[in-house]
1. Name the single residue, out of those in region 70-113 being in a helix (DSSP H, G or I) and within 16 Å of the chain's Cα centre (by Cα), that is nearest to L35 (Cα to Cα).
2. Please tell me if R109 is over 20 Å from H141 (Cα atoms), surrounded by fewer than 23 Cβ atoms within 10 Å (Cβ to Cβ) and modelled with pLDDT of 95 or more.
3. Considering only region 133-162, state which residues are assigned to a loop (DSSP other than H, G, I, E, B) and either surrounded by 21 or more Cβ atoms within 10 Å (Cβ to Cβ) or not charged (D, E, K, R) (or both).
4. Taking the residues in region 163-202 that are part of a strand (DSSP E or B) and among the hydroxyl-bearing types (S, T, Y) as candidates, determine which candidate is surrounded by the most Cβ atoms within 10 Å (Cβ to Cβ).
5. Taking the condition of being in contact with a Ser or Thr (Cβ under 9 Å, 6 or more places away or on another chain) and either in a loop (DSSP other than H, G, I, E, B) or closer than 21 Å to L54 by Cα (or both), how many residues in region 203-213 meet it?
6. Go through (1) under 16 Å from H56 (Cα atoms); (2) touching a Ser or Thr at 6+ places or on another chain (Cβ under 6 Å); (3) not in a loop (DSSP other than H, G, I, E, B) and name the single condition P130 misses.
7. Under 9 Å between Cβ atoms, at least 6 apart or on separate chains: pull out the pairs that start in region 1-28 with a residue that is under 13 Å from P194 (Cα atoms) and at pLDDT 95 or above and end on any residue that is among the polar types (S, T, N, Q) and surrounded by 19 or more Cβ atoms within 10 Å (Cβ to Cβ).
Amino acid sequence: MKVLVVPVTPFQQNCSVLVCEETLRAAVVDPGGDLDRIEAALTAQGARLEKVLLTHGHIDHCGQAGVFAQRHGVPIEGPHEEDRFWIAQVGEQGQMFGMRGAASFEPDRWLVDGDTVSFGRQTLEVLHTPGHTPGHVVFFHRKLRVAIVGDVLFQGSIGRTDFPRGDHATLIASITQKLWPLGNDVTFVPGHGPVSTFGDERAGNPFVGDAVTGRDG
């Protein structure tokens, strides 16, 4: 599986284009906007979109997900249904932030912890990781040791928890109890900024590093 990161929207959100190299079928994670950039990435790979996946309901991650999925005639899977209230106000948020084309939608499948999603011959595990939003999920490819973590964790930082129904303690628990056990060797693509590894964040992240949480790596 090939992972291409395409920054989109004024928030420079990392949209991930996942391509099954055996079948040239693709899944796009968090197509928040700038759909032309995402389309160009798919075309460059000669890939056909099979599915849209969402980590959570914030506008920079899902503002144009409904439009994109409808254009390609593919389903939307994710996030967890606890983020329904966020998706319901995407259109209103689009007007607020001046993001044209943002519109609310209904995912074809809400996800829960322990689910899997698939495209081509690839399978991703789903982890429910609330804290940034109540319905946030992470997608994990166990064989490749790659996780798409949305706004849960960043290089040197963590997701904000000052939005409605965000919770700092819950976010820390999601990171330390759901992500760290996957292994220090896991490379993760965050919702913003550069990629990193869980091991590097455990070693030096000032919010969830082992020195802060008291965990033993």
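The values are calculated or read from the model by the stated rules, or taken from the named source; none is laboratory data. Predicted model, so just to flag it, every value in this text is computed and none were measured. Note: ideal-geometry Cβ built from the backbone for every residue, glycine included; neighbour counts use all protein chains shown.
1. In the first step, residues of region 70-113 are kept if they are in a helix (DSSP H, G or I); the result is 70-72, 81-88, 90-97.
This time we only want the ones that are within 16 Å of the chain's Cα centre (by Cα), so: 81-84, 86-87.
Numbers: E81: 25, E82: 26, D83: 23, R84: 23, W86: 21, I87: 18 Å.
So the residue we want is I87.
2. On the way: over 20 Å from H141 (Cα atoms): no; surrounded by fewer than 23 Cβ atoms within 10 Å (Cβ to Cβ): yes; modelled with pLDDT of 95 or more: yes.
The answer is no for R109.
3. Just the residues of region 133-162 that are assigned to a loop (DSSP other than H, G, I, E, B), to begin with: 133-136, 142-145, 151-152, 155-156, 159-162.
Result: T133, P134, G135, H136, L144, D151, V152, Q155, G156, G159, T161.
4. The qualifying residue surrounded by the most Cβ atoms within 10 Å (Cβ to Cβ) is S196.
5. Result for region 203-213: 4.
6. It is condition (3) that P130 fails.
7. L4/S16; V5/N14; V5/S16; V6/N14; V6/S16; P7/Q13; P7/N14; C15/T9
Yes/no per residue for (1) in contact with a helix residue (DSSP H, G or I) (Cβ under 8 Å, 6 or more places away or on another chain); (2) of a type in the set (D, E):
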site	(1), (2)
L54	yes, no
H58	yes, no
Q64	yes, no
F68	yes, no
G73	no, no
E81	no, yes
I87	yes, no
G91	no, no
M96	no, no
